Amino acid sequence: MPKDHGIGASSKRREDVRFLTGKGRYTDDINLRGQAHAVFVRSQVAHGKIRKIDTSDAEAMPGVLKVFTSADFDGKGGVPCGWQIHDRAGNPMLEPKHPILAEGKVRYVGDAVACVVAETLEQARDAAEAVVVDIDELPAVIDMKEAVKGGALVHDELGSNLCYDWGFIEDNKAATDEAFKTAHHVTTLELVNNRLIPNAMEPRVAIGDYSQAGDDYTLYTTSQNPHMIRLLMGAFVLSIPEHKLRVVAPDVGGGFGSKIFHYVEEAFVTHASKVVNRPVKWTCSRSESFLTDAHGRDHVTKIELALDKDGHFQAIRTETYANMGAYLSTFSTAVPTYLHGTLMAGNYKTPHVYVNVKAVFTNTVPVDAYRGAGRPEATYQLERVIDMAAREMGIDPIEIRRRNFVQPDEFPYQTPVAVQYDTGNYQATMDKLIEIADLAGFEKRRAESAKKGLLRGLGVNCYIEACGIAPSNLVGQLGARAGLYESATVRVNATGGLVVMTGSHSHGQGHETAFPQVIAEMIGIPENMIEVVHGDTANTPMGMGTYGSRSLAVGGSAMVKATNKIIAKAKKIAAHLMEASEGDIELKDGKFSVAGTDKSVDWGAVCLAAYVPHNYPLESLEPGLEETAFYDPSNFTYPAGAYACEVEVDPETGKVTICSFAAADDFGNVVNPMIVSGQVHGGLAQGIGQAMLEAAAYDENGQLLSGSYMDYAMPRADDLPFYKVDHSCQTPCTHNPLGVKGCGEAGAIGSPPAVVNAVIDALQRGGHKHVTHIDMPVSPSRVWQAING
Amino acid sequence: MYNFDFVKPTSLADAVKAMAQEDAQALGGGQTLIPTLKQRLASPAVLVSLSGIAEMKGVCVGDDGALCIGGATPHATVAKEAAAKFPALAALAAGIGDPAVRNRGTIGGSLANNDPSACYPSAVLATGATIVTNTRKIAADDFFEGLFTTALEPGEIITEVRFPVPERGAYAKFQQPASRFALTGAFVAKYGSGVRVAITGASENGVFRWTEAEKALSANFSAGALDGLTVPSDGLIGDLHGTPAYRANLVKVMTKRAVASA
Amino acid sequence: MKVSMTVNGKAVSGEAEGRTLLSSFLRDGLGLTGTHVGCDTSQCGACVVHVDGKAVKSCTVFAADAAGANVTTIEGMANPDGTLGTLQQAFQDHHGLQCGFCTPGMVMSAAALLADNPKPTAAEVRHHLEGNICRCTGYHNIVKAVLAASGQDADRIAAE
């Protein structure tokens, strides 16, 4: 019987009721009394020197309160980058200022040059059109490999477009090079990890609200991590101390990374609301979000895999160009380095691994973390090159993987790229995959496809990811400018209900449902006695927010710690009430009892005693039942799995149809299987989208060619199949109290290579032996071109 | 978007009058025009909605057997009501946009806009349909004048489109993956007098007749009849979603598929 | 100009310019913020409402064009006692939503499908929802929810 309550139950999501009845409260649903509207004037060219900005016509237009330019932000800071990378020689990365409004130069199409604040949105739009920006256009820096050769500079003052040239681990390089010299076989693959646009369905919104009475500010924003926005914006940009700045992120309509970062518009509305002494609201249009939300991926990589005669991996060597875009977004620099290089060992035992990454400035939208962030890039190149090596050496692609797996009895396993995997069982997830994907029936299905004139192919791959990036002291040494702990306050009320105030912030993950499941299990009370409060710096402890599949592993652990403190104190109270020794008190099903007796007192009575302390050990115990905990993990968690995709390729048109997709994941323990499956589904759709459909494309002048849903192909319901997902293979994490690993990004990390492997397999089996690789997205035209090329 | 006066006449006569005002613009279903207005790429002074004119809506059969569709008829209505008489046209209408778009978008609006990737122009051209306006009748061969350009005069309103129903006909569309407009679409229509083939989505000049295919199919209405033909890629669209050579390939593949399903 | 219509069974009227979209009339004029705006090219479908029983994208209809019409939004989909309607309940039961932003449009489109086709196949559901983009769910559970709301065995169909 599946559980109907607590950890392991598929509890229905309580937040759904408001979302299904139109009662959600997203940032754009908030309208403050007297609010004015902001519309940005954005650069139409990718690169240019600003000669003059004439705001006089605009300022004279009806309803206009003020037209802002960079001069209005004199003395304010730029938007900071949250992670400083040091290059191969130990020098710090090049780090330009990212001003709120462009200073001197524009650096990408969409760069904010000026901003109109007016009474109504349409008045602001009208006036924005009347702002005259005179720009001397400069050559656009678009191609990364060209950018590092010299020529035009995105940031003149830096003297180079190369942000950093990073080696990981530099000490591994010589041994890795040596291993290639003696290898039996070397497979080399050059590939592109295509640039993506996150496209959370809710566009970004920010409302600044300055109160003259208290000289304080409130920012309402579409954010995954309101505390971090408060810290970054308050401390680094606007010099507002935290106690004068409240950041509220109400219901957030998806993020996928894109709402982690501190954006200039947030700082703008906060500052502008003081200048015009009115609330200032900015709502991003979708067209604008294509040009301003941080993009994802955009790596160009050469990977080499050295093997011995039996197909055992001897060494991996990579060289990657990673696009930073025009400015360094919050986590941009960490993505191609510590979120990517550390995963290059994959699920395999490879003695020597060396990763080189060149991060490059270009005249494009800043690039930052997008679902998976660095780990999809690592997985894709590794799992593609393994597939290619298997084909070249005549070894079955599943067999070559099994042969190289870190075996179940080899954990903890220290990789040559710094991280230590605590647990895993890659053979088990592969076995499970073979079962749920019915790989035994593939040949029969292939024959059916062939009768229709279609080429069927099978792609299989593995992935490993690292979630809950930590511990803070280690990431600090690696250049992180923030801690990576999480926090929770558990406040028990006098009649036994309780509230968890967490620094994590759901933007679709169902925290309001899953978090109470954990506490309900721990105390033995119904889930509906527990509420979650999140998304508001005024009533939650300082926390780092939700990204990197960290909320349950890190935020959940903080909540467990806080709840354990509550239980410990409650036991003291119960011991007093029952005149027993604290050590004899047991808590089960919401009842405290004295071991070996029939004496008991229930949860509610203990809570009441804590707040109405008439019969209470006041001399040794404070009244009240409220505890806060911060949790800083000692290691990452390492979810892993095996994925399989079957495709049909129409050789006449190049069209690829996903026939089936199966995912066998090991997430450790699972709190809500329904939500976990949903997370995998969503990740798969994004990964399949990357592999088949999505591409942010720039022309040589830096114009975004895929700037709307007319050209940026989003996965639709009829592009995708029902998925087969399984997470019954569970090797619990050894270092967090719940034994959980994180499931939010797995689907997006593991699925792209499966799709491309399947397409190549289909073409190979169909006799198109010359096709060994197609870059993503494997669109109809690219597949047709490959067949006919 | 820029502001404008909005009027919604209930008769064609009132609509014609309203269209006589300076910078008046007709609004069919608005599924292309409204996004265009949002981008501030058009600035009409008056927008004349045609959605309230009953006499411009509906599907019927004319005395000559032609299928007549009112200019303000939404795609969803055509998909339903043309299904028995002209299934190929109904299927085409059922594949435009998505259900919500089909509930608003109209045949007159689509033809007046003449997007090079729209579906309807191929049906109109392949069937040699007649476009009826408030002032005249225009033959399909004279109507389409290239990218977003038609023979319509300013203020002229498409009131009806008359389709001679072919003995056999079909539309085969290859979707552009993002917009789901036709990356290339082929409409074939077989009449006693011969076969007509119209291609949309492929050419820089908008919808066109593939006369070589018409000739081959008039002699032998089978997909195999097209085997020997090649489609030059000159003048075909090249963009993110396909090169001219790819579209040239699709012209042939989609035409064959249309013939096979006709 | 003054625009009047019936929304969720109630007669309403409000001021609108010629350019006022039905979506902003509902959201800003009437405070019915359940209807969401996720794009400006008439593609994402977050804004779908019913006008005279037909699903339309309210960001691509002028308020004035809907004058006199009968409009239903997500706020009008619950049972009279406020509990979730069959389709809404199926979305919750099958975890057919995550962030909830596309959900109102998704429910309104699905409701239009079921009104027209009470027992759709999975392929018909997918095809019908092509104008509603969801970035969270991968559609799996949305399709299941719609199948379940039509009285079919969604688990079995999804496993086939």
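In table form, for the structure just shown:
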read-out: Matching residues, segment A:578-603, being part of a helix (DSSP H, G or I) and either surrounded by 18 or more Cβ atoms within 10 Å (Cβ to Cβ) or not assigned by TED's automatic domain parsing to the domain that holds residue A:518 (or both); value: A:603
read-out: Of residues in segment A:250-286 being away from chain C (no Cβ under 14 Å) and aliphatic (A, V, I, L, M), the one nearest to residue A:551 (Cα to Cα); value: A:260
read-out: Residues satisfying the stated conditions in segment A:741-789, i.e. without any contact (Cβ under 8 Å) to a residue 60 or more places away in the chain and basic (Lys, Arg); value: A:769
read-out: Strands (runs of 3 or more DSSP E) fully within segment A:31-85 counting 3 or more residues that are farther than 18 Å from residue A:97 by Cα, touching a Leu at 6+ places or on another chain (Cβ under 8 Å) and modelled with pLDDT of 95 or more; value: A:36-42
read-out: Sole exception among (1) of a type in the set (A, V, I, L, M, F, W, C); (2) crowded, with 24+ Cβ neighbours inside 10 Å; (3) closer than 30 Å to residue B:39 by Cα; (4) more than 13 Å from chain C (Cβ to nearest Cβ) for residue A:697, by number; value: (2)
read-out: Unmet criterion (only one of (1) within 19 Å of residue A:677 (Cβ to Cβ); (2) away from chain B (no Cβ under 13 Å); (3) part of a helix (DSSP H, G or I); (4) among the hydrophobic types (A, V, I, L, M, F, W, C)) for residue C:123; value: (1)
read-out: Qualifying residue in segment C:59-73 (condition: free of Cβ contacts under 8 Å to residues at least 24 places away in the same chain and either outside any helix (DSSP H, G or I) or surrounded by fewer than 22 Cβ atoms within 10 Å (Cβ to Cβ) (or both)); value: no
read-out: Every pair of residues 6+ apart whose Cβ atoms lie under 7 Å, when the first sits in segment A:251-266 and is closer than 10 Å to residue A:222 by Cα while the second is among the charged types (D, E, K, R) and surrounded by fewer than 24 Cβ atoms within 10 Å (Cβ to Cβ); value: A:251/A:25
read-out: Residue check, residue B:253 more than 17 Å from residue B:92 (Cα to Cα), surrounded by 16 or more Cβ atoms within 10 Å (Cβ to Cβ) and more than 14 Å from chain A (Cβ to nearest Cβ); value: no
read-out: Segments classed as helices (runs of 4 or more DSSP H), wholly inside segment A:419-480, with at least 1 members that are assigned by TED's automatic domain parsing to the domain that holds residue A:398 and under 25 Å from residue A:757 (Cβ atoms); value: A:426-436, A:442-451
read-out: Residues that are assigned to a loop (DSSP other than H, G, I, E, B) and closer than 28 Å to residue C:46 by Cβ, drawn from segment A:213-242; value: A:222, A:223, A:224, A:225
read-out: Selection within segment C:42-58 - buried (at least 24 other Cβ atoms within 10 Å of the Cβ) and in a loop (DSSP other than H, G, I, E, B); value: C:42, C:43, C:44, C:45, C:46, C:47
read-out: Residue C:36 vs. criteria within 9 Å of chain A (Cβ to nearest Cβ), crowded, with 24+ Cβ neighbours inside 10 Å and not hydroxyl-bearing (Ser, Thr, Tyr); value: yes
read-out: Tally, over segment C:99-117, of residues that are touching a helix residue (DSSP H, G or I) at 6+ places or on another chain (Cβ under 6 Å), without any contact (Cβ under 8 Å) to a residue 40 or more places away in the chain and under 9 Å from residue A:19 (Cα atoms); value: 2
read-out: Of all residues in segment B:1-23 being among the aliphatic types (A, V, I, L, M) and away from every other protein chain (no Cβ under 12 Å), the one that is surrounded by the most Cβ atoms within 10 Å (Cβ to Cβ); value: B:15
read-out: Among residues of segment C:74-91, those that are surrounded by fewer than 20 Cβ atoms within 10 Å (Cβ to Cβ), among the polar types (S, T, N, Q) and either assigned to a loop (DSSP other than H, G, I, E, B) or at the interface with chain A (Cβ under 10 Å from one of its Cβ atoms) (or both), counted; value: 2
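One line per residue, one yes/no per condition, for (1) farther than 23 Å from residue B:49 by Cβ; (2) buried (at least 24 other Cβ atoms within 10 Å of the Cβ); (3) of a type in the set (A, V, I, L, M):
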{"site": "B:93", "(1), (2), (3)": "no, yes, yes"}
{"site": "B:103", "(1), (2), (3)": "no, yes, no"}
{"site": "B:106", "(1), (2), (3)": "no, yes, no"}
{"site": "B:110", "(1), (2), (3)": "no, yes, no"}
{"site": "B:113", "(1), (2), (3)": "no, no, no"}
{"site": "B:123", "(1), (2), (3)": "yes, yes, yes"}
{"site": "B:137", "(1), (2), (3)": "yes, no, no"}
{"site": "B:147", "(1), (2), (3)": "yes, no, yes"}
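Yes/no per residue for (1) more than 14 Å from every other protein chain (Cβ to nearest Cβ); (2) part of a loop (DSSP other than H, G, I, E, B); (3) in contact with a Leu (Cβ under 9 Å, 6 or more places away or on another chain); (4) modelled with pLDDT of 95 or more:
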site: A:725; (1), (2), (3), (4): no, no, yes, yes
site: A:728; (1), (2), (3), (4): yes, yes, no, yes
site: A:742; (1), (2), (3), (4): yes, yes, yes, no
site: A:747; (1), (2), (3), (4): no, no, yes, yes
site: A:753; (1), (2), (3), (4): yes, no, yes, yes
site: A:761; (1), (2), (3), (4): yes, no, yes, yes
site: A:773; (1), (2), (3), (4): yes, yes, yes, yes
site: A:776; (1), (2), (3), (4): no, yes, yes, yes
site: A:784; (1), (2), (3), (4): no, no, yes, yes
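The values are calculated or read from the model by the stated rules, or taken from the named source; none is laboratory data. Note that this is a predicted model, so its numbers are computed, not measured. Neighbour counts are summed over all protein chains in view; Cβ atoms, including those assigned to glycine, are modelled from backbone coordinates with ideal geometry.
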